[in-house]
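Below: the structure, in structure tokens.
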Amino acid sequence: MPELDVCFDMGQCTRASLSASVIALSHAHMDHIGGLPYWFSQRYFQKIGAETHLPDTGQPPARGSVGKVVCHPELEAPLRAMLRAWEPLERQRTPSEIIPLAPEEEYQLKNNVTLRAIETRHTVPSLGFAVIERRSKLKEEFKDFPQERLRALRQAGTEITHPVEIPLVAYTGDTEPGEFLVRNEFAKAKIVIVECTFFEPEHRGRANTGKHIHVEDLVRLLHVWEAESVVIVHASRRTTIPYARERLQALCGEHLPRVHMLMDHRMNRQRYDAQVAASQALVAAREAATASRLAESAAANDATLVDESDVRDADESSG
Ligand SMILES: [Zn+2]
Ligand SMILES: [Zn+2]
């Protein structure tokens, strides 16, 4: 989600994901983590977010230019080991930042927006996430007061507002259904991104064994979730999109208009293309800003800058 500077999981590194500086990692199964080393590498070599990084200083890049992954604390050490293993393979070190986040802890994404970790139940340590915006809301007792009276009260030191939490997006990650999925962060979120792996009635048992959500669980959750949009991810490869769509149509009833499948390209292709274009424009604008800063700096130091990305092919296809 480029607007929130966060991307949920990194099974494959897509172009659109590069503009986010934070990966919220739900768990470390390969389909959620496979693209992570490549994402770190692409962000670094394309100098995305590297406004403060001057390649000729020989210094490690400044904080803020390095991709960050927020993860379950139990994943911190194995993630470090995985990234270390790349160093002798690539014969270089790609900067990365690993931020362990225990259940109920929060990581600040923006001024008044945080990412909260919510413990879920999968076959390995796992987290769901909620992006929470904090606003101050006028207290109920002052609701009908005219502006000038409110101003006078505020000047007299009266607390006329109270803080409220607005869950913008909630993401389940892979999990079995549980009480954590009806918490306020999920019930009140504007958008819920939900794994729904199994759609066939006969795959109930597989869902239980693999600790995944079955479409019948999803239907129950739809009654609780008030979200404008519920976005389904993670459908099993065995399930075709038309079949999944058919099952949703049969089961979701009045909730159907709110339910979308992320991988439904027939419905989403245009939106996806627009998102990639917007994300690339954002990256290009940042790069232009970086280039002009580098040019200023070069002029100031009368130094020649060597752009590492000219030497190294940073194209996605280079592996
Ligand atoms: Zn999994
Ligand atoms: Zn998975």
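The values are calculated or read from the model by the stated rules, or taken from the named source; none is laboratory data. Nothing here was measured: the structure is a model prediction, and the numbers come from that model. We work out accessible area using only protein heavy atoms, side chains counted, and drop any ligands, DNA or RNA first. Shrake-Rupley method; radii C 1.70, N 1.55, O 1.52, S 1.80 Å.
May I ask you to give the solvent-accessible area per residue for region 102-263, in square angstrom, as obtained with a 1.4 angstrom probe?
52 Å²
Taking amide H atoms as placed 1.01 Å from N in the peptide plane, list the residues 5 or more away in sequence, or in a different chain, whose amide H sits under 5 Å from that of K139.
HN-HN under 5 Å from K139: T161, H162.
Counting alpha carbon pairs within less than 8 Å and at least 6 residues apart, what relative contact order, in whole percent, applies to region 102-263?
18 percent
Per the 1.4 Å probe, what fraction of the accessible area of region 159-263, in percent, lies on carbon and sulfur atoms? If you can, show how the numbers build up before the last one.
Numbers: 2710 of 4880 Å².
Ligands and nucleic acids excluded, carbon and sulfur give 56 percent.
Decide, for region 102-263, between rounded, prolate and oblate: order the square roots of the alpha carbon gyration tensor eigenvalues as a ≥ b ≥ c, take rounded if a/c falls under 1.5, and otherwise choose prolate if a/b is larger than b/c, else oblate.
Working: a/c = 3.40, a/b = 2.17, b/c = 1.57.
Because a/c hits 1.5 or more and a/b exceeds b/c, region 102-263 counts as prolate.
Under 5 Å between amide H atoms, partner at least 5 residues away or on a different chain: which partners does H72 have, H built in plane at 1.01 Å?
L101
When a/c reaches 1.5 or more, the comparison of a/b and b/c decides; with that in mind, is region 144-236 rounded, prolate or oblate per its Cα gyration tensor?
Working: a/c = 4.51, a/b = 3.90, b/c = 1.16.
In terms of gyration-tensor shape, prolate.
In square angstrom, rounded to the nearest 10, how much accessible surface does V164 have for a 1.4 Å probe?
About 40 Å², rounded to the nearest 10.
Using θ = phi - 60° and the Karplus form 6.51 cos²θ - 1.76 cosθ + 1.60, what ³J(HN,Hα) does each residue of region 108-125 get, whole Hz, x for Gly and Pro?
7, 8, 9, 2, 10, 10, 10, 10, 9, 8, 10, 5, 10, 10, 10, 7, 9, x
Sort T123, T290, T161, T209 by accessible area with a 1.4 Å probe, largest first. Before the final figure, lay out the partial values.
Working: T123 75, T290 10, T161 45, T209 110 Å².
Ranking T123, T290, T161, T209 by accessible area, largest first, yields T209, T123, T161, T290.
Taking H placed 1.01 Å from N in the peptide plane, check which residues at least 5 places from D9 or on another chain put their amide H under 5 Å from its amide H.
It is A24, L25, S26, by chain and number.
Residue by residue, what Karplus-based ³J(HN,Hα) values in Hz, rounded to whole numbers, does region 216-222 have, using 6.51, -1.76 and 1.60 with θ = phi - 60° and x for Gly and Pro?
5, 5, 4, 4, 5, 5, 4
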